[in-house]
There are 2 protein chains.
Amino acid sequence: MSISSRFSVGIHILTLIELNTDGVSSSEFIASSVNTNPAVIRKLMGMLKKANLIVVQPGIAGAKLAKKPSEITLFDVYKAVNVVQEKELFSLHEHPNPKCTVGKNIQNTIEPIFLTAQNAMEQVLKGVTLEAVVKDISLKESLI
Amino acid sequence: MSISSRFSVGIHILTLIELNTDGVSSSEFIASSVNTNPAVIRKLMGMLKKANLIVVQPGIAGAKLAKKPSEITLFDVYKAVNVVQEKELFSLHEHPNPKCTVGKNIQNTIEPIFLTAQNAMEQVLKGVTLEAVVKDISLKESLI
DNA sequence: TCATGGTGTAATTACAATGATTACAAGTTT
DNA sequence: AAACTTGTAATCATTGTAATTACACCATGA
């Protein structure tokens, strides 16, 4: 299993919109950078729009960021593209036997541990802004 | 997406083996507690055995822990049942356009962030031992 | 020794999620 | 009106999961 690449593509889209200052960031343009189908990008743009991360209008080419890059964290993107359901990074097996001591209690014991682990991962994402990503890419490019 | 329930079932199996002191922990017995098919349990037991967490022998009913519960962490189980490939909790989209500044650099920029996030989650799992799980379940049971 | 019951493992099935693709309605611009 | 864009639904191939069946192989006890 792996967290869907929608997440990394979402980050890619936002980064590209921010750095593409002199062109128009249409779904086709973005798709050519991501190397996928424009419809895939439009679907993701719809999610990013719904999460109020970008502004897009039907018929009008190009998307813009809805906030400053310093105000968008990777956690926002992660939530926007819906790669992990709330509280469900880890699955619990269903219907363990309630007649058994372990079966009856295992879920209540494990769940808080799983939530703590998921939260630790998400905290890291909250600590990284789109601005940091954009700066890192600009830095890498300037060194070439 | 969600991390396979193999993980929670793996924890269930080990906990049950530890707490089932007066019976034999056969795959059928464990399956009835987990509420699944014995073959599913045997497959997981094979993984736990390979990771040196339990001792099972062909033809001989019952599994035993290969280590003390205090020496087994949830991270060991997580690795044993192979729910997440090394360094691959998050997928990177493949083949972004190398002719584009963003496409060329996005993977190198994002990867260390993803690894940091994955590591934070795994550190939590390393901090929880099977002993802690067993004790918590015993405590819950004693309160009833 | 042989019947019984266990583990180990492969094959099959059903199901869900993903990502690519096509198609088209609806909006905008010139 | 023509050309281009977004929004969205439908379809398809692929993949991973979990359940199930089947059977080879091993150990034990009558």
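So A:VAL102 ticks every box in (1) free of Cβ contacts under 8 Å to residues at least 40 places away in the same chain; (2) part of a helix (DSSP H, G or I); (3) over 30 Å from B:GLU141 (Cα atoms); (4) not aromatic (Phe, Trp, Tyr) but one. Which box is left unticked?
(3)
Would you check which residues across the range B:61-82 are within 15 Å of DNA strand C (Cβ to nearest atom) and closer than 25 Å to B:LEU115 by Cα and list them? Spell out the reasoning first.
First, the residues of the range B:61-82 that are within 15 Å of DNA strand C (Cβ to nearest atom): B:61-66, B:80-82.
Of everything in the range B:61-82, those that are within 15 Å of DNA strand C (Cβ to nearest atom) and closer than 25 Å to B:LEU115 by Cα turn out to be B:ALA80, B:VAL81, B:ASN82.
State which residue pairs qualify: first residue farther than 21 Å from A:LYS135 by Cα and inside the range A:12-32, second residue more than 10 Å from DNA strand D (Cβ to nearest atom) in any location, beta carbons under 7 Å apart, and separation of 6 or more residues or different chains.
Pairs found: A:PHE29/A:GLY23; A:SER32/B:ASN97.
How many residues does the range A:78-99 hold that are basic (Lys, Arg), on the phi > 0 side of the Ramachandran plot and either at the interface with another protein chain (Cβ under 7 Å from one of its Cβ atoms) or not in a loop (DSSP other than H, G, I, E, B) (or both)?
Adding up the residues that qualify gives 0.
Name every residue in the range B:105-144 that is β-branched (Val, Ile, Thr) and either within 22 Å of A:LYS104 (Cα to Cα) or in contact with a His (Cβ under 8 Å, 6 or more places away or on another chain) (or both), in order of residue number. Before you say what the answer is, go through the steps one by one.
Step one: list which residues in the range B:105-144 are β-branched (Val, Ile, Thr), which gives B:106, B:109-110, B:113, B:116, B:124, B:128-129, B:133-134, B:137, B:144.
Result: B:ILE106, B:VAL128, B:THR129, B:VAL133, B:VAL134, B:ILE137, B:ILE144.
Among the listed residues B:VAL77, B:VAL24, B:VAL40, which satisfies the condition of being surrounded by fewer than 18 Cβ atoms within 10 Å (Cβ to Cβ) and at pLDDT 95 or above?
Working: B:VAL77 fails: surrounded by fewer than 18 Cβ atoms within 10 Å (Cβ to Cβ); B:VAL24 fails: at pLDDT 95 or above.
Just one listed residue meets the conditions, B:VAL40.
Residues in the range A:108-118 that are of a type outside the set (A, V, I, L, M) and crowded, with 16+ Cβ neighbours inside 10 Å: how many? So that I can check it myself, show each step before the final result.
Start the filter on the range A:108-118 by keeping residues that are of a type outside the set (A, V, I, L, M), which leaves A:108-109, A:111-112, A:114, A:116, A:118.
Next cut, crowded, with 16+ Cβ neighbours inside 10 Å only: A:109, A:114, A:118.
Residues meeting the conditions: 3.
Looking for whichever is buried (at least 19 other Cβ atoms within 10 Å of the Cβ) and either among the small types (Gly, Ala, Ser) or more than 9 Å from chain A (Cβ to nearest Cβ) (or both) here; the options are B:GLY127, B:GLY103. Which one fits? Talk me through it step by step, then tell me what you get.
Numbers: B:GLY127 fails: buried (at least 19 other Cβ atoms within 10 Å of the Cβ).
Being buried (at least 19 other Cβ atoms within 10 Å of the Cβ) and either among the small types (Gly, Ala, Ser) or more than 9 Å from chain A (Cβ to nearest Cβ) (or both) holds for just one of B:GLY127, B:GLY103, which is B:GLY103.
Quick check on A:GLN107: is it within 16 Å of DNA strand C (Cβ to nearest atom) and either in contact with a helix residue (DSSP H, G or I) (Cβ under 7 Å, 6 or more places away or on another chain) or outside any loop (DSSP other than H, G, I, E, B) (or both)?
On the way: within 16 Å of DNA strand C (Cβ to nearest atom): no; either in contact with a helix residue (DSSP H, G or I) (Cβ under 7 Å, 6 or more places away or on another chain) or outside any loop (DSSP other than H, G, I, E, B) (or both): yes.
So A:GLN107 fails the test.
The values are calculated or read from the model by the stated rules, or taken from the named source; none is laboratory data. Quick caveat: nothing in here was measured; it's all calculated off a predicted structure. Cβ coordinates were reconstructed from backbone atoms using ideal geometry, including for glycine residues, and neighbour counts include every protein chain displayed.
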